[in-house]
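Computed from the coordinates by the stated procedures, all read-outs in this text should not be read as laboratory data. Just so it is clear, the model here is predicted, and its values are computed rather than measured. Positions of Cβ are generated from backbone atoms using ideal geometry, with glycine treated the same way; all protein chains shown enter the neighbour counts.
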Protein chains: 2
Amino acid sequence: MTSTVDGRRERGDRTRRHAARTAARLATVQGLDSITVGALAEATGASKSGLLTVFGNREEILLAAVAEARSLYVEHVIRPAWVEPSGAPRLRALLDRWVGYLHDEVFPGGCFVATTSAEFGHREGRVADAVRDLKREWIGVLERELSAAGVPDPAEAAFRIDAYLVAANTRRELFGDDAALDTGRRLALAVVPAGVAGAGETSTEP
Amino acid sequence: MTSTVDGRRERGDRTRRHAARTAARLATVQGLDSITVGALAEATGASKSGLLTVFGNREEILLAAVAEARSLYVEHVIRPAWVEPSGAPRLRALLDRWVGYLHDEVFPGGCFVATTSAEFGHREGRVADAVRDLKREWIGVLERELSAAGVPDPAEAAFRIDAYLVAANTRRELFGDDAALDTGRRLALAVVPAGVAGAGETSTEP
DNA sequence: AGATTGAACGACCGATCGGTCGCTTACTTC
DNA sequence: GAAGTAAGCGACCGATCGGTCGTTCAATCT
């Protein structure tokens, strides 16, 4: 996995990655579907045609942006929390990391999942499906950890936590109210059992 | 205030209203900022130039759409609930009406405020300000009624109710999960004091 | 009836949209 | 070093964008 083919493709992968990341960040500011090839070209320093040769068409750019956003989310929120044992401790870490991920401005316009979930609500197509998958995946993580924490109704608890976090993100973006983030975390923490009900291990990735 | 001027302006007002309503409905599907003058012209049966002579420019169309959405919201959610006495009874009516307003498909893409709040999160300009005002107004209603209901921390309670409702709307739009609406209402109802703590009267409009 | 005025329209404007085409460049493999 | 190949670019395409302009239409006022 070293020289030949990978060597040739390294260039393309680098610009691909760079463009996808820029697109993902732009998406939280102006909307994923508002991204234009020309604007992305200017933002990345590449040319329109250059981007289109690498990605094929605009839809592939949006899909790459969603994939890149997912990997950023995993890197900043999921993986750091995964060092904690499954259940309540991991949930607390997830909430901490989630607030940190917003505070660190990983995306300039707040949470990528929250923004695009609202934007692509009931649309159809591959991009909308990718966004749906992202949201489903996050809720799945919450439900599994809540279940491991011994919460009686994990689905409802996940609904509540997700609701608090999204609302916190919206308020912060809309009114510049940074304190909303802590309010959201505090309310979400109240859903997590206080006891050390961790049953799991520092186990497999989600 | 009868014949002359109003008579002449009735035509314009009717198309203005019709276009604004269509724009507000379209906004919940494809995003408020994705509305184009041409698409709105086709959807209303008018011509591009006709719309622009009445509204002036695109921004005015978006502003009119927000204003029209507000009036629809008042008509379907606020006013029906205002017949109940202030406090817990009115809050319960608000939650009922909110679920009904979504169920009746007043907007084809779910709650206008939720969608546009996410879309215009941290943007600037008159449209973003109008969206901000709408959200602020709704939260204000909740806080005032929660306060009247004797809730100790009305701001936090309003945060929770708003979070549940927005999350319910998002899930319904994203996954077609109609049951989410009832989950949202049930959770929101739990924030409202159960006792008949209504202090007010069938009083003034918001 | 004639004048006035807002509503509405078709034609048209420059700018930008997503995308194609042909070319050069950079790198790898013979 | 020659050949091959993906990366990347500039020029250009038809379509659509928001918006302007001059005209026509419908209703009111004198």
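With label points defined 7 Å past Cα in the direction of Cβ, position A:E156 shows copy-to-copy spacings of 2.1 nm, given to one decimal and shortest first. Summary value for chain A: 24 percent relative contact order, contacts being C-alpha pairs under 8 angstrom separated by 6+ residues. Here the stretch A:2-200 is treated with +1 on each Lys and Arg Cβ and -1 on each Asp and Glu Cβ, and its dipole about the Cα centre works out to around 420 debye.
Here's the picture: a label point sits 7 Å out from the Cα of B:R17 along the beta-carbon direction, and within the stretch B:60-77 the residues with their amide nitrogen under 19 Å of it are B:61-77. Just to verify a number: FRET efficiency for B:R126 and A:D104, C-beta to C-beta distance, R0 = 25 Å, to 0.05? For B:R126 and A:D104, the calculated efficiency is 0.20.
Position B:S71: other-copy label points at 5.0 nm, ordered by increasing distance, label point 7 Å along Cα→C-beta. Helical content alone sets the calculated 222 nm signal of the protein assembly as shown at -22500 deg cm²/dmol, taking -39,500 (n - 2.57) per DSSP H segment of four or more residues and averaging over every residue. The magnitude of the dipole of the protein assembly as shown, with charges of +1 and -1 set on the Cβ of Lys/Arg and Asp/Glu and taken from the Cα centre, is near 800 debye. Farthest towards the positive end of the charge dipole of chain B, among the residues B:S147, B:A88, B:G56, is the Cα of B:G56, using unit charges on the Cβ of Lys, Arg, Asp and Glu.
Projecting 7 Å from Cα along the Cα-to-Cβ direction, the label point of A:T53 sits 5.0 nm from its equivalents in the other copies, listed shortest first.
Span-like helix criteria (full DSSP H runs; alpha carbon extent of at least 30 Å along the helix axis; mean Kyte-Doolittle hydropathy of at least -0.5) are satisfied in chain B by B:126-148, B:154-175.
Scaling against 2.2 N^0.38 Å puts the C-alpha radius of gyration of the stretch A:2-200 at 1.12. Model label sites at B:Q30 and B:A155, defined 7 Å from Cα along the beta-carbon direction, differ in position by 4.0 nm.
Put a dot 7 Å past each Cα toward the Cβ at B:D182 and A:D178; how far apart are the dots in nm? Roughly 4.3 nm, to one decimal. The simple spin-label model puts a point 7 Å past each Cα toward its Cβ; for A:N57 and B:S49 those points are separated by 3.4 nm.
Would you mind counting up the charge near A:R92? Only other residues with Cβ under 11 Å from its Cβ, with Lys and Arg at +1 and Asp and Glu at -1.
That sum, taken over residues with Cβ under 11 Å, equals 0.
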